[in-house]
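Comments concern the structure below.
The values are calculated or read from the model by the stated rules, or taken from the named source; none is laboratory data. Since the model is a prediction, treat every value here as computed from it, not as a measurement. Every residue, glycine as well, gets a Cβ built from its backbone with ideal geometry; the counts of neighbours run over all protein chains shown.
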Amino acid sequence: MDLGEEAVPDLPRGVQRLVAHLSLAHRPARAAVAGQLWPDVPEDQAHGSLRSALWRLHKAAPGVVDMTGGALRLARNVRVDVRETARWAQRVLDPRGDLPEVVPGEVELRGELLPGWYDDWVLLERERLRQLRLHAMESLADRLARLGRYGEAVQAAHNAVQVEPLRETAHRTLVRIHLAEGNLVEAIRAYESFREVLAAEMGVSPSARMEALLAGMRRPPRGSIVVALRRDRPATATATATATAARSR
């Protein structure tokens, strides 16, 4: 949470949870906040804990919470990085809009939301944000490739791969970009890397959609004999060498 010029002191755990919940929620009612943050206590006690947390927060950082109309929300001047990342992702996923000029930093793109927190509302929002960011990075990579900005496209695809190494759509995006740029060897290398990781971790093979990207393009299997064509040799000599090699196997 960023209040611009104002420094926010360390807050008690209950107050931190309140601020985190309001950062992720959209103007929830007081009763809903109390129930989410203190689900294992009677309702009256939960409301008392909420009042105490609000008082402590107001004392530490006056004006952070807007309590108008029985609902709670962070003040408009409070900057929340998660919200900014979500807005960026939604812009990238909108095919009608222009690509944002600024890309969030590494922490915003790859970092885990509230690590070490295991409340149900945190787990749900963590997974929602993870999926949103992954889809946005894949979409960004595809859109950059269509614009011919292959270097940036590769980086965006790699970001998605690094966040979730077993996500096939991220690897397919990377392979497509290499092929679009004309880098067949890089595409094959990316495919083989994913195939090996998937086999080691899950014991399965890439899907038919991944295989179709490189259909007819991959190198021959190990043990095959490839006879190089040389310009200083007639075609008949090459054909003879190929036939001889085939009989000798």
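Results for (1) at pLDDT 95 or above; (2) assigned to a helix (DSSP H, G or I); (3) touching a Ser or Thr at 6+ places or on another chain (Cβ under 7 Å), shown as yes or no for each residue.
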site	(1), (2), (3)
P165	yes, no, no
L174	yes, yes, no
H178	yes, yes, no
F194	yes, yes, no
A215	no, no, no
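Considering each of V65, V154, V80 in turn, give the residue that is among the β-branched types (V, I, T) and within 30 Å of E181 (Cα to Cα).
Result: V154 is the single residue among V65, V154, V80 that is among the β-branched types (V, I, T) and within 30 Å of E181 (Cα to Cα).
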Just the residues that are surrounded by fewer than 17 Cβ atoms within 10 Å (Cβ to Cβ) and over 24 Å from V19 (Cβ atoms), please, taken from segment 75-125. R91, L93, D94, P95, R96, G97, D98, L99, P100, E101, V102
Scan segment 88-125 residue by residue and report those that are more than 21 Å from L37 (Cα to Cα) and touching a Pro at 6+ places or on another chain (Cβ under 9 Å). W88, A89, R91, V92
